[in-house]
1. Counting other Cβ atoms within 10 Å, which GluC sites (Glu not before Pro) in segment 1-73 have at most 16 and lie in a DSSP loop?
2. Under 10 Å from the Cβ of ALA44, count the other residues' Cβ atoms, weight Lys and Arg +1, Asp and Glu -1, and hand me the total.
3. If you count, for each residue, the other Cβ atoms within 10 Å and average over each peptide, how do 26-33, 70-77, 88-95 line up from highest to lowest?
4. Can you list residues from other chains, or at least 5 along the same chain, whose modelled amide H is less than 5 Å from the amide H of CYS61?
5. Please compute the net charge surrounding ILE66, taking Lys and Arg as +1 and Asp and Glu as -1 over other residues with Cβ under 14 Å from its Cβ.
6. Which ³J(HN,Hα) values in Hz, rounded to whole numbers, follow from the phi angles of segment 43-56 under the Karplus curve 6.51 cos²θ - 1.76 cosθ + 1.60, where θ = phi - 60° and Gly and Pro get x?
7. Ranked from highest to lowest mean number of other Cβ atoms within 10 Å per residue, what is the order of the peptides 41-47, 8-14?
8. Averaged per residue, what accessible surface does segment 1-79 expose to a 1.4 Å probe, in Å²?
Amino acid sequence: MTTVLENIKYRASNGEDFMFDFELRDDGWRVHITSQPRYRHRSASAHDTHRLGRAERPYICWTNPINGLDDAFGVAALWAEATLVYIATGRFNAPRRLPRLHDLTGLTRLSR
């Protein structure tokens with residue numbers, strides 16, 4: 001059985017919204033990007049933007065397994081903020097302060 005949390009919203013530090021789906025797989029959590037700001041004049045290549053998967057269902061490229069849901073939320077928030085830096089500067093850098101993803105759907109617990 002696959003566990004999926006859908007349409008989890010993250011409001012970035014600049015007020016822009018991102019949406020993610022979180023999928024629990026055998027190898028840990030995968031964070032799918034379902035909505036994000038446009039890259040404007042920056043390259044939208046998967047390599048430059050740290051995304052994997054099909055263009056219609058990309059997910060965040062992360063080197064190590066994401067074992068906990070809190071860690072998956074942190075990866076999503078970190079990727080969102082780094083994406084904003086990339087759009088503004090062309091460099092995909094982590095922000096100085098690590099953000100937290102707040103589940104605005106009202107879900108507080110995950111049960112399998």
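The values are calculated or read from the model by the stated rules, or taken from the named source; none is laboratory data. Since this is a predicted model, take the numbers as computed values, not measurements. Here the Cβ positions follow ideal geometry from the backbone for every residue, glycine too, while neighbour counts run over all protein chains shown. Accessible surface areas use protein heavy atoms only, side chains included; no ligands, DNA or RNA. Shrake-Rupley method; radii C 1.70, N 1.55, O 1.52, S 1.80 Å.
1. Taking segment 1-73 and a limit of 16 other Cβ atoms within 10 Å, the loop GluC sites (Glu not before Pro) found are GLU16, GLU56.
2. +3
3. The peptides rank, most packed first, as 70-77, 26-33, 88-95.
4. Long-range HN contacts for CYS61: ARG51, LEU52.
5. Result for the local shell: -4.
6. 4, 9, 5, 4, 5, 5, 9, 6, 10, 10, x, 6, 4, 7
7. 8-14, 41-47
8. 59 Å²
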